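Heads up, the thing below is written out as structure tokens.
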Amino acid sequence: MSRWVHSLPATCAFSRPFESYWVGTVLLHDEDQFPSNTMSEWVRHGAHGELFASRIRAYYDPAHRIAAYVESGTDISNFAAIADAAPPPAGVTTPLDLSAVQLGGNVHLGDTLAHVASAVGLKSLHPTPAAGACQGYSVVGFCSWNVKACECPTGNYLSDKRLGMVVFRAGRVVALAWDDGACGFG
């Protein structure tokens, strides 16, 4: 399952972008778009001796070629929707219409950079170009925790702080991702 998800090209651009913009709390209920009951669920454990376990739920929309996953665990919670996804191995996903998945209520797969800027109330956005194997992709981030900048606050792990990432290729949104552990441990 994880090999299939990581083989999808747009996932290589899932990283903390240089440019991130505050969008308030609109990201905090985006996970509700993905059902919690699914036929496809796995438990992943960390390396020997590492206290880490996560549950992964996977979805695939064959009509629109969209893949999605939700991972929640000991200290993480992240999820994503990826356009133009190759079909998964048989039996590893739950079929689901993913064509209406949106980030923050207004950003959809296939949107243009100008539409995304308008949807979040900004005149323009400045995506960070991806490097290495991800050339041709760029990413912009949106955060829920700081009006002035999306720098992580110091202190303990902040699971209520969500980073949303929008990945572009050829001027269009090709992936949406959310990370609740973006600030990690202070």
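Just one of (1) under 27 Å from Arg172 (Cβ atoms); (2) at pLDDT below 75 fails for Thr38. It is (1).
Looking only at residues in region 89-98 that are more than 23 Å from Arg172 (Cα to Cα) and not small (Gly, Ala, Ser), the one that is surrounded by the most Cβ atoms within 10 Å (Cβ to Cβ) is Thr93.
Report every pair of residues separated by at least 6 positions or lying on different chains whose Cβ atoms are under 8 Å apart, first residue within region 115-138 and free of Cβ contacts under 8 Å to residues at least 24 places away in the same chain, second part of a helix (DSSP H, G or I) and aliphatic (A, V, I, L, M). Correct list of pairs: Lys123/Ala117; Ser124/Ala117. Out of everything in region 112-164 that is over 16 Å from Glu19 (Cα atoms), in contact with a Gly (Cβ under 8 Å, 6 or more places away or on another chain) and modelled with pLDDT of 85 or more, what residue ends up being surrounded by the most Cβ atoms within 10 Å (Cβ to Cβ)? Within region 112-164, the match that is surrounded by the most Cβ atoms within 10 Å (Cβ to Cβ) is Ala119.
The values are calculated or read from the model by the stated rules, or taken from the named source; none is laboratory data. Note that the structure is a prediction, hence the values are computed from the model and not measured. As a convention, Cβ positions derive from the backbone with ideal geometry for all residues, glycine included, and neighbour counts pool all protein chains shown.
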